[in-house]
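Below you'll find the structure, written out as structure tokens, and then a few comments.
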Amino acid sequence: MGSEGKEKPRRPPPGVQLIRRLRRRDFSRRTYRYSVLFVTFIAYASYHASRKPSSIVKSVLDPESSVNSFAAASSDRSFSLLENWVFVRNLNKTDSSTGWAPFNEKGGTALLGEIDVAFLSVYALGMYFSGHIGDRMDLRVFLTIGMVGSGIFVALFGMGYWWNIHSFYFFLVMQMVAGLFQATGWPSVVAVVGNWFGKRKRGLIMGIWNAHTSVGNICGSLMATSVLQYGWGWSFVLPGAVIAFAGIIVFMFLVVNPEDVGYDSPYETKKNENLQSARDEEAGLSTDEKVIVVDEGIDSSEERKVLDQIDRTVLIESNGVASAESNGDGSSDSGPVGFIEAWMIPGVASFALCLFFSKLVAYTFLYWLPFYISHTAIGGEYVSVKSAGNFSTLFDLGGVVGGILAGHISDRLDARAITAASFMYCAIPALYVYRAYGSISMPVNIALMMVAGLFVNGPYALITTAVSADLGTHSSLKGNARALATVTAIIDGTGSVGAALGPLLTGFISSGGWNNVFIMLMVAALVSGLLLTRLVIDEVKEKVRKAKAENSGHQNIADNINQPLLR
């Protein structure tokens with residue numbers, strides 16, 4: 001959304017209206033921005049928290065998977081690791097549990113794997129539709145429906161404990177419908193944040209904001225394990241209640257567009273010079289980027305033309321929108337962008353396919369890393385499942401650092417494709433070193449794990465946040481930002497297909513050993529980087545062109561300054 005053309009702004013959320021009446025004055029733009037970051041952070045952290053119970057409860061529903069999985073791995077190399085998607089932090093009474101039919105029967109763990117794959121598949125498919133719908137309705141309402149719906153069906157999965165349900169299809173349907181509601185989250189929150197922040201500092205801001213993924217994963221694990229001793233159903237009901245409550249907070253306080261509370265969108269180009277400084281701040285322009293300082297005595301018309309041209313070029317390119325001359329009032333197309341049209345935006349297809357392979361690597365680690373750690377001799381010893389789960393969170397911690405670093409670097413270089421591709425290429429040796437030397441000792445394993453997480457999750461975080469927001473407000477849209485949710489859904493939806501495929505492939509490839517799995521991950525990282533080659537070349541050419549133009553401008557100024565001296 002962001003700039004909705006001639007469409008009238010919506011009324012502010014009821015909670016915001018109430019607080020403004022009590023304060024008897026409005027909030028500043030900065031306060032609204034902070035509130036948007038906070039509310040969307042809570043929203044998506046709750047989404048991730050509600051996804052964790054299924055992985056936590058696996059070993060309770062089918063206790064044999066946690067007790068005998070290593071013995072099976074040692075005696076039969078052809079077993080399917082898909083049957084052991086286990087991530088356990090503190091499972092009380094697991095060993096004495098008799099499990100839950102049908103998952104405690106022969107082939108039960110394979111059923112749990114099918115539920116996970118079904119969830120991810122529906123989630124990926126639903127992502128395409130959710131973005132299309134999100135750009136055509138109030139994102140605050142759309143996000144609220146998704147969060148409350150997710151909470152209801154996550155809780156219904158857990159209600160099977162008290163209702164004594166043992167039908168596989170009941171649990172399958174609950175997870176699939178929950179996955180459909182979960183698909184509303186990412187396109188919505190990225191679109192809302194993109195509405196409030198201009199392009200220039202978006203990478204750093206969204207890199208920090210993207211920590212909600214890891215925070216949600218950790219909180220979801222803690223919530224699920226904290227109530228597990230009272231019955232596995234509570235591990236679903238509690239996170240379900242939390243995301244539903246967070247949905248109410250979104251409905252009450254989330255301001256989707258700056259226009260809804262009387263502020264201008266960062267994508268509108270105003271002719272009023274009194275608003276120029278505010279617009280430059282929104283785009284993140286520094287004084288050095290806008291003005292070239294020369295001697296006070298120099299004031300020739302030729303020099304001024306060169307300076308003005310450089311100033312206009314930097315302003316237009318930093319905002320990422322068409323200039324006022326080409327857009328009139330800065331809001332050309334008021335209608336939402338179609339699904340096919342969104343695919344045709346330059347860079348969308350390349351980044352979507354890149355994320356497919358990037359997310360394949362990231363989600364393989366998400367589902368398999370705890371198992372890999374617990375079944376790999378580190379320093380000559382094997383760690384417990386609980387310890388493996390705790391150590392695996394450090395991969396996410398490295399990912400948080402990677403997301404912030406990738407966002408900051410891409411902001412400084414103004415080169416998203418170069419940054420993302422570089423991180424993916426660096427991930428290849430990081431994965432190789434982790435596999436080859438991670439077993440030396442636990443400190444070495446942790447250090448290499450965090451480095452791998454940094455390079456694997458860095459571009460993943462960058463593409464799903466800043467890149468999606470950039471492309472959703474691409475200059476080819478001529479100021480129309482109503483493609484944010486659609487573009488975000490296309491990119492992350494394509495990536496989610498890879499997220500479902502990666503763990504599934506691992507189940508088959510791992511039968512030949514973990515070396516084959518890491519080879520698959522390194523190949524995926526290589527392909528991910530190669531898919532951005534054309535965009536990387538374009539960014540390099542653009543930087544060379546801009547450098548030549550700027551040098552030429554400086555040279556013209558220097559020549560004009562030196563002419564009186566030569567005479």
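The values are calculated or read from the model by the stated rules, or taken from the named source; none is laboratory data. Just so it is clear, the model here is predicted, and its values are computed rather than measured. Note that we place each Cβ from the backbone using ideal geometry, even for glycine, and neighbour counts take in every protein chain shown. Areas reflect the complete protein model, heavy atoms only, side chains present, ligands, DNA and RNA absent. Shrake-Rupley method; radii C 1.70, N 1.55, O 1.52, S 1.80 Å.
Roughly speaking, what is the stretch gain from Thr31 to Ala377, that is 0.36 nm per residue apart minus the C-alpha to C-alpha distance, in nm to one decimal?
Taking 0.36 nm per residue and subtracting the Cα distance, the gain is 119.5 nm.
Which of the peptides 521-530, 237-246 is most tightly packed, and how do the rest follow, going by the mean number of other Cβ atoms within 10 Å of each residue?
The densest-packed peptide leads the list: 237-246, 521-530.
For Ile440 and Ser387, what does the FRET efficiency come to when R0 = 25 Å and r is the distance between their Cβ atoms, rounded to the nearest 0.05?
0.90
Just order 416-422, 13-19, 111-117 by mean Cβ neighbour count inside 10 Å, highest at the front, would you?
Going from most to least packed, we get 416-422, 111-117, 13-19.
List residues of the range 168-197, by number, whose backbone nitrogen lies under 19 Å from a label position 7 Å along Cα→C-beta of Asp138.
Within reach of a label on Asp138: 184-185, 188-193, 195-196.
Separation between the Thr98 and Leu222 pseudo-spin-labels, each 7 Å from Cα along Cα→Cβ, expressed in nm?
For the pair Thr98/Leu222, the computed spacing is 3.5 nm.
Roughly how many nanometres apart are two label points built 7 Å out from the Cα toward the Cβ at Leu526 and Lys548?
Label-label distance for Leu526 and Lys548, simple model: 3.4 nm.
Taking a 1.4 Å probe, which of His408, His375 shows the most accessible area, and what order do the others take after it?
His408, His375
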